[in-house]
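The values are calculated or read from the model by the stated rules, or taken from the named source; none is laboratory data. Because the structure is predicted, anything quoted here is derived from the model rather than measured. Using ideal geometry, Cβ is built from the backbone for each residue, glycine included, and neighbour counts are taken over all protein chains shown.
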């Protein structure tokens, strides 16, 4: 069974902190990687895709480590509004790119 | 200007009943999906339709029957509801296939089976 594992947290951090989450995947043939954000009792929304060379979007940086089979999300200068659950998503061609979601990592940013 | 909408938002029903959830997207996408998010928060794909044709069916009991009257709509009918069907059901859509395309999710339907 192909797995995507995330530490459920919660990660409790003060405003302004830097926080990082990892997500490990079991299928080495995985090809597409994403981070989605889900607010409490809301739908998931795409935060960012994860590219092989790593990519940044403002305060958010995503990295892929194929050798160790994990992706990471770094959030700098945390805001109260960053409080949410962050879902890791992995797809592979052998699975018809059917997305496998991790259970999510909960982040709570406090004043 | 809702992109992906679902009705109803909440559904409380008794075991054994039959119920439907409707989904509509106004994004012009050609692919639509149904997901189930259980109490442990795992989000799992159930079905996918591309231009009204079923392309993914992920070992879902045949009590669940999706129907796509056109590419903007994908409804989910559930027969003989069971306690384990209690979950949040999300509809989603994307332009093109699954590989690299962003999926847009509806607000979810919270189903409670008593």
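Brief remarks follow.
- When A:38, A:63 are screened for being buried (at least 21 other Cβ atoms within 10 Å of the Cβ) and either closer than 25 Å to residue B:106 by Cα or more than 11 Å from chain B (Cβ to nearest Cβ) (or both), only A:38 passes.
- When residue A:93 is tested against the conditions (1) within 11 Å of chain B (Cβ to nearest Cβ); (2) surrounded by 15 or more Cβ atoms within 10 Å (Cβ to Cβ), the lone failure is (2).
- Qualifying residue in segment B:10-22 (condition: surrounded by fewer than 16 Cβ atoms within 10 Å (Cβ to Cβ), more than 25 Å from residue A:88 (Cα to Cα), more than 14 Å from chain A (Cβ to nearest Cβ) and modelled with pLDDT under 95): no
- Whether a residue is within 10 Å of chain B (Cβ to nearest Cβ) and under 15 Å from the mean Cα position of the chain (by Cα) was assessed, and residue A:83 does not pass this test.
- Of all residues making up segment A:17-30, the number that are surrounded by fewer than 16 Cβ atoms within 10 Å (Cβ to Cβ) and either part of a strand (DSSP E or B) or within 14 Å of chain B (Cβ to nearest Cβ) (or both): 2
- Filter pass, residue B:50 being within 12 Å of chain A (Cβ to nearest Cβ) and more than 12 Å from the chain's Cα centre (by Cα): yes
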